[in-house]
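Asker: Here it is, the structure in full.
Bear in mind these aren't lab numbers, they're just calculated from the coordinates by the rules spelled out. Note that this is a predicted model, so its numbers are computed, not measured. Methodologically, a virtual Cβ is constructed for each residue, glycine included, from the backbone with ideal geometry; neighbour enumeration extends over all protein chains shown.
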Amino acid sequence: MEALVTEKATQIHICLQVLNTWLNSLKDSERERAMWCAARILGFTAKMNNFEVEIQFTWLGCLVRLLAIRCQDPVDNICFLSAQAVYNLYCILQQQKHMGSLLSPLLLRPPT
């Protein structure tokens with residue numbers, strides 16, 4: 001998974017969309033495995049700290065909703081992993097915001 005994130009950082013949202021089916025599964029084991037994958041993908045992305053290429057989350061609202069719902073899952077480990085995934089997503093968005101604020105003065109500077 002980490003190799004996929006490293007090579008195709010702009011495609012992370014697609015990986016998370018693929019997991020959507022299992023995150024909504026009625027089986028605890030499938031939800032737990034999918035949440036583990038989602039938490040790992042988001043965690044590695046947050047630690048990668050390479051935001052020269054902007055990562056698009058085309059369905060950010062749906063992702064946040066899904067992770068928030070899983071924070072109340074009856075399986076404790078799914079709750080923990082979901083909270084971890086929400087935190088990692090927040091870190092990614094904050095890092096992107098920070099990178100955007102660093103780049104905006106460069107874009108506004110007149111040519112010399």
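Asker: Once label points are set 7 Å from the Cα along Cα→Cβ at both Gln72 and Leu60, what is their separation, rounded to one decimal in nm?
Answerer: 2.4 nm
Asker: Evaluate the distance, in nm, between pseudo-label points positioned 7 Å from the Cα of Leu26 and of Phe80 along their respective Cα→Cβ axes.
Answerer: 2.8 nm
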